[in-house]
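> Here it is, the structure in full.
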Amino acid sequence: MNMPAWLRRHFTPAPDSAAAADIRRGKSPWTGGIHLLWSLWVFFTPLFGEGYSLRWGVLTLVSYPLFLWLYARTLIGPRRHGWRYALAMAALSLLLLRWYPAGLSYFVFGCVMLRVSEQCPSYRSYALQLLAMNLVYVAVAMWIGYPKSLWLWVPVMTFVIGTIINVEHASQEKDAALALSQDEVRRLAATAERERIGRDLHDLLGHTLSLITLKLELSRKLFERDPASARRELEEAECVAREALAQVRSAVTGIRATDLAAELASARLLLESAQVQLDYAAPPQGLPPAAERALALLLREAVTNISRHAQATQTQIEFVREAAAVQMHISDNGRGGVSAEGNGLGGMRERMRELGGSLSVDSPRGAGTRVLVRIPLHWQEPLLPLRAVGALPRDAAIQVQA
């Protein structure tokens, strides 16, 4: 059933609203509605005072729907207008304060939603705003003659809840920035690889096409005077073209050569955001593209599981190059106890089988998890003696081998 036009106009999230930001993060636009449960204090407050009355019922019937509309507007309206709705909640509470003590909940919501409606305010700025609003509240409460306990209780409540919400939003903004950083790392790695392929193709085809052009020009000039020499030049041009085609195909197959390096950098960003220290060694050179893609995908799945479920503080990633295989070890010091495989790890095991490799998971309870991957392959570069490689520095940049 289609939403009426007037309802759609008033309840469609603005592009820069808090609800739209939740949608971009994959959350429901109405996730913030869970906090409305705190507004039920409006209906319980009379139990601790004068009890329910006709005046309470009328004021609740008039003010509560208005409060809900203001709350919704702070979430789905443009952020630049959100502060107006938050202040309107607080003003609604102060206007009714003499006759409607239950409306104190509106004031607390106004103070808290002031933080939700702002884009990226500093906590100091937000604290000053809270202080100003609570000074107004205390002045009104003193003028009405409210008990002194409420002079202190409400400001403390707004500062405590406001601080919690501030920390929550700071964490969300950090997660969003981290996601952007990971996307940027992958984008830069892909851009660097395209530039490498472009340089290789330019160096390769520039000389080859020039040579083919010269031989074709020579064969044209010899066509009538010396047909045999002209035919020989054409055959040589054909051989050069075939060799160039083989070299181009070889160069293009390396287009994903930086997958593993980009995934390692992305893993470091993700784990550090989860307060997990990551030590890793540089991956070996000369990995075939299919093997490198498989290792990169499995690394992403393993790191995601560590950040979400392992409760680890340290993770180590190592690579071992054998004469006809490569191994990748991923270990953490988390809680372990992994007994069942999810769809991600199960899919990785199937991929290993397709490549003729193996994947094993050792996860004793309380002793961390160790993942071992082994893929048989033919190296694109000869096996050379490897020097011991320590953990890369935290600020090491991705280097693409030309």
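> Only one of Ala397, Ala391, Ala402 is modelled with pLDDT under 50 and touching an Asp or Glu at 6+ places or on another chain (Cβ under 6 Å). Can you tell me which? Explain how you work it out, then say what you get.
Working: Ala397 fails: touching an Asp or Glu at 6+ places or on another chain (Cβ under 6 Å); Ala402 fails: touching an Asp or Glu at 6+ places or on another chain (Cβ under 6 Å).
None of the others qualify; the one that does is Ala391.
> While we're looking at this one, here's another question. Please work out if Ala324 is under 22 Å from Leu377 (Cα atoms) and surrounded by fewer than 15 Cβ atoms within 10 Å (Cβ to Cβ). Lay out the reasoning, then the answer.
On the way: under 22 Å from Leu377 (Cα atoms): yes; surrounded by fewer than 15 Cβ atoms within 10 Å (Cβ to Cβ): yes.
Yes; evaluated as a whole, the condition is true for this residue.
> Mind checking which pairs have a first residue in segment 60-78 that is over 14 Å from Leu95 (Cβ atoms) and a second that is crowded, with 19+ Cβ neighbours inside 10 Å and at pLDDT 90 or above, Cβ under 7 Å, 6 or more apart or different chains?
none
> All but one of (1) surrounded by fewer than 12 Cβ atoms within 10 Å (Cβ to Cβ); (2) at pLDDT 75 or above hold for Gly198; which doesn't?
(2)
> Now for a different question. Residues of segment 66-115 being within 20 Å of Ala127 (Cβ to Cβ), crowded, with 22+ Cβ neighbours inside 10 Å and either among the aromatic types (Phe, Trp, Tyr) or not assigned by TED's automatic domain parsing to the domain that holds Tyr52 (or both), which ones?
Phe107, Phe109
> Still on this model: If I filter segment 249-260 down to residues being buried (at least 22 other Cβ atoms within 10 Å of the Cβ) and part of a helix (DSSP H, G or I), which single residue comes out as modelled with the highest pLDDT?
Leu260
> I would also like to ask the following. Can you find, within segment 107-128, the residue that is farthest from Ala86 (Cα to Cα) among those that are of a type outside the set (Val, Ile, Thr) and modelled with pLDDT of 85 or more? Write out each step before concluding.
So the first thing to find is which residues in segment 107-128 are of a type outside the set (Val, Ile, Thr), and the list is 107, 109-111, 113-115, 117-128.
Pick out the ones that are also modelled with pLDDT of 85 or more and you get 107, 109-111, 128.
Numbers: Phe107: 9, Phe109: 8, Gly110: 4, Cys111: 7, Leu128: 15 Å.
Among residues in segment 107-128 that are of a type outside the set (Val, Ile, Thr) and modelled with pLDDT of 85 or more, the one farthest from Ala86 (Cα to Cα) is Leu128.
> Also: Out of everything in segment 271-322 that is assigned to a strand (DSSP E or B) and in contact with a Pro (Cβ under 8 Å, 6 or more places away or on another chain), what residue ends up being farthest from Thr369 (Cα to Cα)?
Filtering segment 271-322 down to residues assigned to a strand (DSSP E or B) leaves 277-280, 314-321.
In the following step, the residues that additionally are in contact with a Pro (Cβ under 8 Å, 6 or more places away or on another chain) were identified as 319, 321.
On the way: Phe319: 17, Arg321: 22 Å.
Per the stated criteria, the residue is Arg321.
> How about segment 49-76: which of its residues are within 10 Å of Ala102 (Cβ to Cβ) and at pLDDT below 80?
Gly49
The values are calculated or read from the model by the stated rules, or taken from the named source; none is laboratory data. These numbers come from a predicted model, not from an experiment. A quick note on method: Cβ atoms are made from the backbone with ideal geometry, for glycine too, and the neighbour counts reach across all protein chains shown.
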